[in-house]
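Asks: If you scroll down you'll find the structure; I have some questions about it.
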Amino acid sequence: MINIIIDGKKIEVEKGTTILEAAKKLNIIIPALCDREVVKAYGACRLCVVDVNDGNEIKMVTSCNYLINKEIEVFMQSERVRKTRKMLLEMMLSRWPNVPMIKQFAAEYGVIKPRMIHPLVDYSENACILCGLCVNACSEMVWEDIIGFAGRGENRRVVMPFEKHYEACIGCSTCANICPTGAIYMTDIPNKPADEKRIDKFGMKITEEMTLMDDEQCDMRGVGTAHLTQIMNDYDLLPTTNYRFGSHKEAGKLHSDVFKAKFTQGLPDGCWLGCTMSCAKSIDNYELKSGPYKGQKVLVDGPEYETVAGCGANLGIFNPEFVIEANFYCDTYGIDTISFATGLAFVMECFENGILDKEKTGDLELNFGNEEAAMEILHQMGRGDGFGIIVGQGIRRMKKIFTEKNDLTDEQIQFMQDIGMEAKGLEYSEYVTKESLAMQGGYGLALKGAQHDEAWLIFMDMVNNQIPTFADKAEALHYFPMFRTWFGLMGLCKLPWNDVEPADNAENDEPAKIPGHVEGYVNFFSAMTGKEIDKHELIRQSERVYNFQRVFNFRLGYGNRESDRIPYRSAGPVTNEEYESRAERYDKQLIEKWNYDIEGKTSKEKRDFLRKMREEDYQKLCDAVYNRRGWDDNGVPTIEKMREIGMDLPEVVEVLKRA
Amino acid sequence: MKKQILVNDNLIEWQENLTINKILKIMNYSFKMLVIKVDGELIKKDEYGTKIVSENADVKIIHLISGG
């Protein structure tokens, strides 16, 4: 820390602080046209000049980019300083006489009418004052260089390259939003929003948060969702060898830093024009080691977290190159990386437990960790031959096929039901849910099947202990699926909602909902459509669609309690090995939660009791959620509920009468 | 009897000069988007290394939601 004096007031600042920042801490206002926290100081307008005594001499410096490295004394209002500012303002006023902020500063320094008229005088109130904020914002906030300065002296101006329209401009409006005079403005011709400025305000808020906080929060710009791999491993949530465990000593090999070093693309327009979260990443010139394109150098889009966790840890393969290659071929063949990974993890566990053997797999040794065999299965799925034809049908059908074709015992058939990680026929995405009942519901009760994007509640439930009762969990399993369904209704990405948070988010009563961003989306909707809504209407909009979808599922034989069933591995340890690997945790729970006497009990006895309790809990959770959502005991929306939300259409009522 | 604190309703052994950063390390909490309260008082991020947590404190380390 360094002690400095500003106009006689002492203040202690960190080394590297600018004089302007230090002055702000003392509530001293220094005039500046080009100062914004979100971009680096540039010293363009020079109005922030001050005198500095550094012990050797008194010199005039621009306070916005003078870094404090030793004890200094600063004079904000010396005669020389005031005279310089006055002269600068007179020159500015002679060129831009009607720009409000220049008129205001000039008046404060006694300049009402300049003594000269600039040869390039611009009488517009929205004249460009060459502050450079737009140029720096484009470069630093959006990671583009669409606009820049051209010319020198009085010819200096802001332009696109060669002073022509540059197609690389993604229309993000950051330059327009940061422009202090309104010289740059955006017009959204295709969408014709009711209130463009209101939309821009919300968009700019996210852009500013990304600029200032992303590095310390999720590093979405740096690595995208792959940042989650090491976090999930730390919290015992990274699925390892078919969700048996939640962490692995080799998980570091799949750390986001490993992929960051390989990423060659992370552009702001990675997946959506104008998005400054820019989480989509790519790897250029990856040389394929297998398959029809072996030896060719290709571009791989990703990998993201689910692909890293699924094709890596969940298959027992801790090789980033395998993950990248699997990512490429899944994309090329049109196969979902999650379903491939979770399906193959199931196959590998069946293989290691004698349900499958080399005869049935076409001579492939499908043990966990066998990269070559795993990749061969992917190619077979793509080609439509060999054992890949069966794997490609997904876990639900595989369970049926193995039961019909292989001579299995009842115990083996039950084992397959327990470890086949699918619900409603969809493979689980990549999170271990054993210790979070709410998240088991997040997967099991999701309309589309076992996907986490309706409600990701593991931290709220397992880590924070925020939702301890069934009613608490049911409330979360009402609010979050409804809120997140809304993104689908609007065609919006939900990552800007929760992968960066406002600086003041912690001060809210319900920080998990990120109220500042919810308000932003409400404003976005209202400003786009011209129809004012509030956060309750947002949920209501989703409820209409969500319940309609549930009725649709019911009509097709899925929207009921039976279809909300989950495999036991989602709720607890299926094998003794799993139980014993976390024995302390499970023993403690048996004693404290269920008063179970573990003395002299085998792992199997303890595991069986735990299973009984956890399966009962899951059914109680379903009861609570159905009740909260306005559904009957079988998980079917009631006619009363559909009437309440205005969805009691005759066809819907007809279907529900069969419930 | 050992001195303790509550962290997200889990009893944790208390120690001298226990800062928020030390608690995060003990709990292996590596996630960054946190809201931390000690006995109901919000602790700002720049206090994680300096705020000393006293024995019997009720510490809430609320992890927000992230990811798809």
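Every number in this text was worked out from the coordinates using simple rules, so none of it is lab data. A quick note: this is a predicted structure, and the numbers were derived from the prediction, not measured. Glycine gets a Cβ as well: all are built from the backbone with ideal geometry, and neighbour counts include every protein chain shown.
Asks: Sorting A:VAL298, A:VAL111 on the 10 Å Cβ count, fewest up front, what's the list? Walk me through the numbers on the way to the answer.
Replies: On the way: A:VAL298 17, A:VAL111 22.
In increasing order of surrounding Cβ atoms, one gets A:VAL298, A:VAL111.
Asks: Shifting gears a bit: Straight distance only, please: which lysines reach the Cα of A:LYS40 with their own Cα at less than 17 Å, same-chain residues fewer than 8 apart left out?
Replies: A:LYS15, A:LYS24
Asks: Please work out the FRET efficiency for the pair A:ARG198 and A:MET91, using the Cβ-Cβ distance as r and a Förster radius of 35 Å; give the result to the nearest 0.05.
Replies: Values: r = 36 Å, r/R0 = 1.03.
It comes to 0.45.
Asks: Enumerate the calculated ³J(HN,Hα) couplings along the range A:3-12 in order (Karplus 6.51 cos²θ - 1.76 cosθ + 1.60, θ = phi - 60°), each rounded to whole Hz, writing x wherever the residue is Gly or Pro.
Replies: Using θ = phi - 60°, the values come out as 8, 10, 10, 10, 6, x, 9, 8, 8, 9 Hz.
Asks: Given a Förster radius of 56 Å and the C-beta distance between A:GLU108 and A:LEU273 as r, what FRET efficiency does 1/(1 + (r/R0)^6) yield to the nearest 0.05?
Replies: Values: r = 41 Å, r/R0 = 0.74.
Between A:GLU108 and A:LEU273 the formula returns 0.85.
Asks: Highest first, please rank the peptides A:635-647, A:414-426, A:116-128 by the mean number of other Cβ atoms sitting within 10 Å of their residues.
Replies: Numbers: A:635-647: 17.2, A:414-426: 20.7, A:116-128: 13.4.
Listed from highest to lowest mean packing, they are A:414-426, A:635-647, A:116-128.
Asks: How big is the Kirkwood radius of the range A:2-77, worked out from every pair of different alpha carbons and given in Å to one decimal?
Replies: Numbers: mean 1/r = 0.0816 Å⁻¹.
For the range A:2-77, inverting the mean 1/r across all distinct Cα pairs yields 12.3 Å.
Asks: Turning to a different aspect of this structure: Using amide H atoms built 1.01 Å from N in the peptide plane, name the residues 5+ places from A:LYS289, or on other chains, whose amide H lies under 5 Å from its own.
Replies: Excluding prolines and chain starts, which carry no amide H, the hits are A:GLY295.
Asks: Turning to a different aspect of this structure: Expressed as a rounded percentage, what relative contact order does the range A:220-427 have, with Cα pairs under 8 Å and six or more residues apart? Don't jump to the answer; show the numbers that get you there.
Replies: Details: 347 pairs, mean separation 33.5, N = 208.
Once normalised by length, the contact order is 16 percent.
Asks: What nm value, rounded to one decimal, do you get for the distance between B:LYS2 and A:GLU584 when each label is placed 7 Å out toward the C-beta?
Replies: 1.0 nm
Asks: Obtain the nm distance between the two label points defined at A:GLU404 and A:MET116 by a simple spin-label model: each point lies 7 Å from its Cα along the Cα-to-C-beta direction.
Replies: About 9.2 nm separates the two model spin labels.
Asks: While we're looking at this one, here's another question. Would you mind giving the mean number of other chain beta-carbons within 10 Å of the Cβ of each residue in A:460-471, as a whole number? Don't jump to the answer; show the numbers that get you there.
Replies: Details: counts 4, 0, 2, 8, 9, 7, 5, 0, 1, 0, 0, 0.
Per-residue shielding by partner chains comes out at 3.
Asks: Hey, what angle do you get for helix A:583-594 against the long axis of chain A, alpha-carbon based, 0 to 90 degrees rounded to 10?
Replies: So the helix axis and the longest Cα principal axis differ by about 80 degrees.
Asks: For the range A:545-659, what is the per residue volume of the convex hull drawn over the alpha-carbon atoms, in cubic angstrom? Walk me through the numbers before you get to the answer.
Replies: Numbers: hull volume 13.2 nm³, N = 115.
Looking at the range A:545-659, the number lands at 115 Å³ per residue.
Asks: If you stretched the chain out fully between A:GLU37 and A:ASN634, how much longer would it get, using 0.36 nm times the residue separation minus the C-alpha to C-alpha distance?
Replies: In short, 209.4 nm is gained.
Asks: Calculate the spin-label point distance for A:GLU577 paired with A:GLU73, positioning each point 7 Å from the Cα along the beta-carbon direction, and give it in nanometres.
Replies: Placing both labels 7 Å along Cα→Cβ, they lie 7.6 nm apart.
Asks: Follow-up. Can you run phi through the Karplus equation (6.51, -1.76, 1.60; θ = phi - 60°) for the range A:452-460 and list ³J(HN,Hα) in whole Hz, with x for Gly and Pro?
Replies: 8, 7, 7, 7, 10, 10, 4, 5, 4
Asks: So, counting K/R as plus one and D/E as minus one, what does the shell of residues with Cβ under 11 Å around A:MET186 add up to? The partial results should precede the final answer.
Replies: On the way: positive: A:LYS197; negative: A:ASP188, A:GLU196, A:ASP200.
Combined, the nearby Lys, Arg, Asp and Glu give -2.
Asks: Here's something else I'd like to know. Whole angstrom only: what separates the Cα centroid of the range A:158-207 from the Cα centroid of the range A:612-659?
Replies: About 46 Å separates the Cα centre of the range A:158-207 from the one of the range A:612-659.
Asks: Also: Under the rule of at least 5 residues apart or a separate chain, name every residue whose amide H is placed under 5 Å from the amide H of A:PHE245.
Replies: Amide H to amide H, under 5 Å and 5 or more residues apart or across chains, A:PHE245 pairs with A:THR240.
Asks: In degrees, nearest 10, range 0 to 90: what is the angle between the Cα axis of helix A:515-529 and the longest Cα principal axis of chain A?
Replies: 80 degrees
Asks: Calculated from DSSP H runs of 4 or more alone, at -39500 (n - 2.57) each and per residue, what is the 222 nm mean residue ellipticity of chain A, nearest 500? Display every interim value, and only then the final one.
Replies: Numbers: 26 runs with 284 residues, N = 659.
Roughly -13000 deg cm²/dmol at 222 nm, from the helical runs in chain A.
Asks: Then there is this: Just to check, using Stokes-Einstein with a Kirkwood Rh over alpha carbon pairs, what's the diffusion coefficient of the range A:206-290 at 37 °C and 0.692 mPa s in µm²/s? Mind dumping the intermediate values first?
Replies: On the way: Rh = 14.3 Å.
The calculation lands on 230 µm²/s.
Asks: Then there's this: Would you mind giving the three semi-axes, in whole Å and largest first, of the ellipsoid equivalent to the protein assembly as shown according to its Cα gyration tensor?
Replies: Numbers: eigenvalues 586, 181, 148 Å².
For the protein assembly as shown, the ellipsoid semi-axes come out as 54, 30, 27 Å.
Asks: Also: Grab the Cα-Cα distance for A:PHE548 and A:ASP534, subtract it from 0.36 nm times how many residues apart they are, and report the gain in nm with one decimal.
Replies: Gain on stretching A:PHE548 to A:ASP534: 2.9 nm.
Asks: Can you give me the relative contact order of chain A as a percent, contacts being Cα pairs under 8 Å and 6 or more apart?
Replies: Working: 1063 pairs, mean separation 56.5, N = 659.
Averaging sequence separation for qualifying contacts and normalising by length gives 9 percent for chain A.
Asks: Using a Förster distance of 22 angstrom, determine the FRET efficiency expected from the C-beta separation of B:SER30 and A:GLU250, and round it to 0.05. Intermediate values should be presented prior to the final figure.
Replies: Details: r = 17 Å, r/R0 = 0.80.
Computed FRET efficiency for B:SER30 and A:GLU250: 0.80.
Asks: Using amide H atoms built in the peptide plane, which far-off residues or other-chain residues are under 5 Å from A:VAL49 H to H?
Replies: Placed amide hydrogens put A:SER63 under 5 Å from A:VAL49.
Asks: Something else about it: What are the ³J(HN,Hα) values, in whole Hz, obtained from phi via the Karplus relation 6.51 cos²θ - 1.76 cosθ + 1.60 with θ = phi - 60°, for each residue of the range A:242-250 in sequence order, with x given for Gly and Pro?
Replies: 3J(HN,Hα) across the range A:242-250, in whole Hz: 6, 6, 5, 10, x, 7, 8, 5, 9.
Asks: I've got another one for you. If you restrict to DSSP beta bridges whose two residues both lie in the protein assembly as shown, what percentage is antiparallel, to the nearest 5?
Replies: Details: 39 of 43 bridges.
Here the share of antiparallel DSSP bridges comes out near 90 percent.
Asks: A further question follows. For A:LYS494, what is the net charge nearby, where nearby means another residue's Cβ is under 12 Å from its Cβ and Lys, Arg count +1, Asp, Glu -1?
Replies: Details: positive: A:ARG484; negative: A:ASP453, A:GLU454, A:ASP499.
Local charge sum for A:LYS494: -2.
Asks: Give the order of A:CYS138, A:CYS48 when sorted by the count of other beta carbons within 10 angstrom, beginning with the fewest. Please list the in-between numbers first.
Replies: Details: A:CYS138 23, A:CYS48 26.
Neighbour counts put them in this order, fewest first: A:CYS138, A:CYS48.
Asks: Taking every residue in B:55-66, how many Cβ atoms of other protein chains lie within 10 Å of its Cβ, on average? Mind dumping the intermediate values first?
Replies: Values: counts 0, 0, 0, 0, 0, 3, 2, 9, 10, 14, 16, 15.
Mean number of neighbouring Cβ atoms from other chains: 6.
Asks: Would you mind counting up the charge near A:CYS175? Only other residues with Cβ under 13 Å from its Cβ, with Lys and Arg at +1 and Asp and Glu at -1. Please list the in-between numbers first.
Replies: Details: positive: A:ARG36; negative: A:GLU140, A:GLU144, A:ASP145, A:ASP200.
Cβ neighbours under 13 Å give a net charge of -3.
Asks: Below 8 Å between Cα atoms, with a sequence gap of 6+, how large is the relative contact order for the range A:89-194 in percent? Can you show the working numbers first?
Replies: Values: 133 pairs, mean separation 24.7, N = 106.
Reported relative contact order: 23 percent.
Asks: What average count of beta carbons from other chains do you get within 10 Å of the Cβ of residues in B:29-39?
Replies: Values: counts 4, 6, 10, 9, 13, 5, 8, 1, 1, 0, 0.
So the per-residue partner count for this stretch is 5.
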